Amino acid sequence: MKVQFLDLKAQYQSIRDEVAIELQKVLDSTAFAGGPFVAEFEKNFAAFCQVKHAIGVSNGTEALWVALLALGIKPGDEVITAANSFIATAEAISFVGATPVFVDVDETYYNLDPNKIEAAITEKTKAIIPVHLYGQMADMDAIMAIAQRHNLVVVEDAAQAQGAEYKGKPAGSIGHIGCFSFYPGKNLGAYGEAGAVTTNDDELAAWMRMFRDHGQSKKYHHDIIGWNARMDGFQGAVLNIKLKYLAGWNESRRINAKKYNELLANVAGVTLPTEMDWAKHIYHIYPILVDNRDALMSYLQEQGIASGIHYPVPLHLTGAYAAANQGVGQCPVTERITPRLVSLPMFPELTEAQISLTCEAIKHFLQQ
Ligand SMILES: *Cc1c(COP(=O)(O)O)cnc(C)c1O
C-alpha cells in the first residue's frame, strides 16, 4: 500500500459527473472570464464566510496584493507577518513596495505570537497579516486589539483556512480583509489557479471589485487605475460545486487528524499539533515535530509513504529576504521548530488503513 501526501484524484472521482455538467454549461454560455459562474460562487462563498462581500481574483498571492493595495499600503510602510508562512505573504507585501517584518510564532500552535507583535511595531507599521497556518486560525482577538491600539489594519492570510473558525467566527470574517487561495491543493481547490478576498466593508469591496477588472465601473469606463485580476469562469463553476462539500471534507480531515492523534499519542519523540480552545482546525496540513526529521522522511519514503515540510526555510532566512533581516536568532521559536517539522499525508479521502500504516512506520522508525 502506498500513501500519497495528497490525492486529488480520489476527490475528483467523487464529483466527476457534476463537474462535467457544470463545465459544459460554462462552455455553452462562453462565460470564460468573470461572469455569472464567478458571481454565483462569490455570493455563496461570502455566505460561507459570513461576510458581506467575496470577490474572486486570479490566485491567493494576488488576493493578498489586491488587499494591501486596497488598504493603501505603500512604499516605506512596514507590514508585520509570521516568519513561518509561505513566501506569497511576504511577496505581496514587497510588491506594494512595503517591507515585511517577520515576527516569531507561538510554540504551541505555530501562529503569529501576539506577545511579540508590539515590540515589532514602529512609526512605519501600517498592517498586520496573521497567517492561519495549517488550517488553524491565529489568536484574532489579541491581534485585533493590538491593531486597534496602534491604528493598524489587519489582513487575514486565510489561504490554508477555508472553513476554519475562531470562537465560532469563520476565517476571513474578522480582519479588515480576508485573503483566500484556491490553489488545487488547498482544502477548497480550483482546477487551475484562483483566489478571493472577503470583507464587510462596502467601500473596500467596491474598490477591489473595480480594481480586479481594470478599474472599470462599467465597460470601458475606468475610474481608477486597475489591473486584470479576474477569476476565470471554469474556476468559478468548479469552486461553486466543491463549496457544497467543503464542510464535509473539512470534517473528514478533522476525523483523520483525530486518528493520527490517537495512534501517535504517547509516542516518545513525537510532538503532535495542538488544537487551541478557540479554534476549529481544518487540518490543511497535519504537522508533527520529531528530532530526526530528515531520516524519518527517508524511511517513510522507503515504505511508500509521502511526507512534506511546510516550510523548510523561515522567511527571514530565505534567500530573497535574508539580507534585509537579522539572520539566525531573529525568530528563535520558528528556528527551533523548522528543522523538526514534518507534514504527514492529509486529505479527506485518506483511509484508516493508510493512517495506521503511516503511524506504525513512524513508531517503528523511532524505536530503532
Ligand atoms: C497557498 C498560499 C498562498 C498563495 O496562494 P496562491 O493561490 O498559490 O497564489 C498564500 N499564503 C499561504 C499561507 C498559502 O498557503
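The values are calculated or read from the model by the stated rules, or taken from the named source; none is laboratory data. This one's a predicted model, so the numbers in the text were calculated from it and none came from an experiment. Don't worry about glycine lacking a Cβ; one is built from the backbone with ideal geometry, like all the others, and counts go over all protein chains shown. These accessible areas exclude ligands, DNA and RNA; they are computed on the full protein's heavy atoms, side chains included. Shrake-Rupley method; radii C 1.70, N 1.55, O 1.52, S 1.80 Å.
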Listed by first then second residue, the pairs whose first member lies in the range 208-222 and is β-branched (V, I, T), whose partner is open to solvent by 90 Å² or more (accessible area, probe 1.4 Å), with beta carbons under 8 Å and at least 6 positions apart or on separate chains, are none
Tell me the residue from G56, G34 that is closer than 18 Å to F234 by Cβ and surrounded by 24 or more Cβ atoms within 10 Å (Cβ to Cβ), please. G56
Is there any pair linking a residue in the range 77-98 that is under 18 Å from G195 (Cα atoms) to one that is assigned to a helix (DSSP H, G or I) and of a type in the set (S, T, Y), with Cβ under 7 Å and at least six apart or on different chains, and which? A88/T61; A90/Y321; E91/T61; A92/T61
In this structure, is P170 away from the ligand (no atom under 15 Å from the Cβ), touching a residue at least 12 places away in the same chain (Cβ under 8 Å) and under 28 Å from F41 (Cβ atoms)? yes
Does the range 237-263 hold any residues that are surrounded by 21 or more Cβ atoms within 10 Å (Cβ to Cβ) and over 30 Å from D17 (Cα atoms), and which are they? Y260
Near pairs, Cβ below 6 angstrom, 6+ apart or cross-chain, from the range 324-348 (farther than 16 Å from V290 by Cα) to any residue that is open to solvent by less than 10 Å² (accessible area, probe 1.4 Å) and among the small types (G, A, S): C331/A83
Across the range 203-236, what is the number of residues that are out of contact with any helix residue (DSSP H, G or I) (no Cβ under 7 Å at 6 or more places or on another chain), more than 16 Å from the ligand (Cβ to nearest atom) and open to solvent by 10 Å² or more (accessible area, probe 1.4 Å)? 12
Let me spell it out: the conditions are (1) within 16 Å of the ligand (Cβ to nearest atom); (2) part of a strand (DSSP E or B), and L239 meets all of them except one. Which number is the exception? (2)
N200 versus (1) open to solvent by 20 Å² or more (accessible area, probe 1.4 Å); (2) polar (S, T, N, Q); (3) within 16 Å of the ligand (Cβ to nearest atom): which is the lone unmet condition? (3)
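Could you list, in sequence order, all residues of the range 15-28 that are surrounded by fewer than 16 Cβ atoms within 10 Å (Cβ to Cβ) and touching a residue at least 24 places away in the same chain (Cβ under 8 Å)?
Result: I15, E18, K25.
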